[in-house]
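Working notes, beginning with the structure itself.
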Amino acid sequence: MIRGRIIGTGRCLPDRVVTNDDLAAIVDTSDEWISSRTGIRSRRIAGAGEFTSKLASGAARQAMAMAGVAATELDLIVVATISSEIAMPSCACLVQMELGAARAFAYDINAACCGFTYALDIADKYVRANPAMKVLVIGAETLSSRTNWEDRNTCVLFGDGAGAAVVTGDESGRGLVHSRLFSDGNLWNLLYMEGAPSLNRELVHGDGCGSYIRMNGREIFKYAVRAMGDVVTQVLEESSTAIEEVRLVIPHQANIRIIQSLMERAGIPPEKIYLNIDKYGNTSAASIPIALDEVNRAGMLASGDLVLLCTFGAGLTWAASLLRW
Ligand code: UT7
């Protein structure tokens, strides 16, 4: 059976580190509150010129170098993002330009924090149909540009960055073994971001046209634990895999307490969980590919190891994917 296999990973993070103490200087919060409630100690925040497409291209270059794939060999570029620097054309087209990937076609997807996992699933579907294809999958965000820096409920949570993977067809049994993706649009207003000012008056809210993140944190927390726990269990069951067989679980890095509750609900031992939320906060679609690249470059995965990705985000969306490395 042909599967989409990751043959290279990369990441790119802005240089600027913003600590919890830095945030305590601008909103009514503290390092103690942020680190105990979320596990976040610092995050990277993009500076001048560090646009989403630039971070995405930086991560892509690393992934392509590892994969030994030149830009001109890419067939498809899929960028998962909710924070491209422009609404149209896609961030993926900007990345195509940056890389000089003349042969590729390129488009974005919006599945919020689930974006990379959804995009990986797309890549897998393409290469199953055409195994020679080389697909560049990227999760990239500069949520700092969409954050209300006066809202302590949200501004302490998010960070900027990008992660990338090159995917191609593999017949050896390695690659994407099984995935499940879900969404429930009824819950859209638990976490959302307005677009640019609209000419459709029905979409313009009374308090202005700002396009920043709005969130009901408590409700998201509850759904996240339940949804991720259930989808992890489902993917393991449907692929006849015991958690003991999984080398590493890489969860979306949104909140350490969500991850701890997930571990309890899905019976995941702590030593199998990879965490980097303390360094980067919640980087939305970039969170899983950044973590995957860290794990990969640290040599934590051997050929044939099973890796489980699981995630949730606005939509609501949630998903899990089991990969044989
Ligand atoms: O990728 C998906 C993105 N979204 C998420 O992952 C969000 C999921 N939810 C969460 O992570 C948590 O709900 C939060 C971290 C957002 C909040 O933690 P919590 O333990 O659920 O706190 P809470 O919302 O119940 O708020 C407790 C108190 C409130 O004060 P009162 O009403 O009890 O007086 C908040 O106003 O903490 C207050 N608070 C803060 N205090 C200091 C909220 N944010 C802050 C803050 N610093 N930054």
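Here the range 213-281 exposes an accessible surface that is 45 percent carbon and sulfur, computed with a 1.4 Å probe and the other protein chains kept in place.
A 1.4 Å probe run over the protein chains yields, for the chain, 42 Å² of accessible area per residue, whole-number rounding.
In whole percent, and with a 1.4 Å probe on the protein chains, what portion of the accessible area of the range 78-134 is carbon and sulfur?
64 percent
Taking 51 Å as R0, compute the FRET efficiency from the Cβ-Cβ separation of Asp28 and Ser172 and round it to 0.05. Efficiency at R0 = 51 Å is approximately 0.40. The simple spin-label model puts a point 7 Å past each Cα toward its Cβ; for Ala65 and Met97 those points are separated by 2.4 nm.
Pop the C-beta distance of Asn110 and Ala132 into the FRET formula with R0 = 30 Å and round what comes out to the nearest 0.05. With R0 = 30 Å, the Cβ-Cβ based efficiency is 0.60. Computed over the chain, the per-residue total of -39500 (n - 2.57) for DSSP H runs of n ≥ 4 gives a 222 nm mean residue ellipticity of -9500 deg cm²/dmol, rounded to 500.
For the range 9-20, the Karplus equation 6.51 cos²θ - 1.76 cosθ + 1.60, evaluated at θ = phi - 60°, returns couplings of 10, x, 8, 8, 10, x, 5, 6, 9, 10, 8, 4 Hz by residue, with Gly and Pro reported as x. Counting only aspartates and glutamates at least 8 places from Lys134 when in the same chain, those with an alpha carbon closer than 17 Å to its own are Glu73, Asp75, Asp108, Asp121, Asp124, Asp170, Glu171. If one computes P(r) from the Cα atoms of the range 60-205, what percent of pairs lie at distances over 25 Å? Cα-Cα pairs in the range 60-205 separated by more than 25 Å: 36 percent. Rounded to the nearest Hz, the phi-derived 3J(HN,Hα) couplings of the range 53-64 under the Karplus curve 6.51 cos²θ - 1.76 cosθ + 1.60 (θ = phi - 60°) are 5, 6, 4, 4, 5, x, 5, 4, 4, 5, 5, 5, where x marks glycine and proline. For Lys279, which lysines qualify as cross-link partners when the Cα separation must be under 23 Å and same-chain residues fewer than eight apart are set aside? Cross-link targets: Lys54. Put simply, the amide H of Gly8, placed in the peptide plane, has neighbours under 5 Å in Val166, leaving out anything fewer than 5 places away on its chain.
For every other residue with a beta carbon closer than 12 angstrom to the beta carbon of Ser53, add +1 if it is Lys or Arg and -1 if Asp or Glu, then tell me the sum. Local net charge: -4.
The relative contact order of the chain comes to 26 percent, based on Cα pairs under 8 Å that sit 6 or more residues apart. Spin-label pair Asp15-Ser239: with each label point 7 Å from Cα along the Cα-Cβ axis, the two points sit 3.9 nm from one another.
Each Cα pair under 8 Å and six or more residues apart adds its sequence gap; the mean of these over the residue count of the range 9-73 is a relative contact order of 49 percent. For the peptides 156-168, 289-301, 250-262, the ranking by mean Cβ contacts within 10 Å, running from highest to lowest, is 156-168, 250-262, 289-301. Return the percentage of antiparallel bridges among DSSP beta bridges fully within the range 210-325, rounded to the nearest 5 %. Rounded to the nearest five, the antiparallel share is 55 percent.
The values are calculated or read from the model by the stated rules, or taken from the named source; none is laboratory data. What you see is a predicted model; the values in this text were computed from it and never measured. Cβ atoms come from the backbone with ideal geometry, glycine included; neighbour counts cover every protein chain shown. These area figures cover heavy atoms from the full protein model, side chains too; ligands, DNA and RNA do not enter into them. Shrake-Rupley method; radii C 1.70, N 1.55, O 1.52, S 1.80 Å.
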